[in-house]
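What follows is calculated from the coordinates using simple rules that are stated; it is not laboratory data. Here the structure is a predicted model, which is why all the values come from computation and not from measurement. Reconstructed Cβ throughout: ideal geometry from the backbone, glycine too, with neighbour counts over all protein chains shown.
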Amino acid sequence: MSATRIYANPGVARRANASLVVVFIAFVFGAFEIWRAANAGPEGPGSGYLFAVLFLGGGAYGLRQVLGANRDTVLWLDIDGDAATAAVWKPFGTKKIVGPIGGFTEWRPYAKQVRRNMRQPLVLVDHPEHPRPLEFELGRGIVIGDGFRPLAGEALAGFET
């Protein structure tokens, strides 16, 4: 029997990895500004150190935000009989969580505050191989197969009411 994909969130890895590239470029630019300010010569560093601090600090803050916002996001969930395989995003790769379907417990609805007046609907689930709840995003562009509703039916119903 082959595995059936019942959940897929293809855009999250692309967005998160692109954000990491932007953060890396900002960090490299900050390092370049430090080098340029340190080797400025007799005219002095000007505002090079200020730009360096802003870009290094912004890069560190951006890295923290991207990793924190996406570390528990599920990319896909496959079911094969009584076994399930979930892929969780990690930078430029995935972490696979494999086990019985019964290992995924406590399915519940959650709305994450994304912006001031915007919330992202999520389904949270616990698994013993992951320290925090796994996040299944709901919305446009996300593929939810027929097998997902029997697992997360009550959590999905929380958004439909």
- When all alpha-carbon pairs of the chain are counted, what percent fall beyond 27 Å? 39
- Estimated vicinal HN-Hα couplings, Hz - the range 46-61 in sequence order (Karplus 6.51, -1.76, 1.60; Gly, Pro = x): x, 9, x, 5, 5, 4, 4, 5, 5, 6, 5, x, x, x, 5, 5
- Given labels modelled 7 Å from the Cα in the Cβ direction, how far is it in nm from Arg36 to Tyr110? 4.2
- Task: Give the cross-link partners of Lys96 among the aspartates and glutamates, using a straight C-alpha distance below 13 Å as the criterion and excluding same-chain residues fewer than 8 apart.
- Result: Asp72, Asp78, Glu129
- Note on the structure: Residues whose modelled amide H sits under 5 Å from the amide H of Ala111, counting only those 5 or more places away in sequence or on another chain, are Leu122
- Amide H within-cut-off set for Ala84, under 5 Å, with H built and near neighbours excluded: Gly99, Ile101
- Query: Of all chymotrypsin sites (Phe, Trp or Tyr not before Pro) in the range 86-136, which ones are in loop regions per DSSP and have a Cβ with at most 16 other Cβ atoms within 10 Å?
  - Reply: Phe92
- Query: Among the lysines, which have Cα under 23 Å from the Cα of Lys112 when same-chain residues fewer than 8 positions away are ignored?
  - Reply: Lys90, Lys95
- Message: Let me check I have the definition right: for the range 3-50, take the eigenvalues of the Cα gyration tensor, multiply each by 5, take square roots. What are those semi-axes in whole Å, largest first?
- Response: 43, 7, 4
- Item | Phi to ³J(HN,Hα) by Karplus 6.51 cos²θ - 1.76 cosθ + 1.60 over the range 80-95, Hz, x for Gly, Pro | 9, x, 9, 9, 10, 10, 10, 10, 9, 5, 9, x, 6, x, 9, 10
- Message: How big is the dipole moment of the range 51-161 about its Cα centre under a simple scheme where the beta carbon of each Lys and Arg is +1, that of each Asp and Glu is -1, and everything else is neutral? Debye, nearest 20, please.
- Response: 740
- Item | Using θ = phi - 60° and Karplus 6.51 cos²θ - 1.76 cosθ + 1.60, couplings along the range 100-116 (whole Hz; Gly, Pro as x) | x, 4, x, x, 8, 10, 6, 5, 8, x, 7, 10, 8, 6, 8, 9, 4
- If R0 = 41 Å, then Ala60 and Ile101, at their Cβ-Cβ distance, give a FRET efficiency to the nearest 0.05 of 0.55
- Query: For the charge dipole of the range 1-150, defined by +1 on Lys and Arg C-beta atoms and -1 on Asp and Glu C-beta atoms about the Cα centroid, which residue among Ala60, Gly46, Val125 has the Cα displaced farthest towards the positive pole?
  - Reply: Gly46
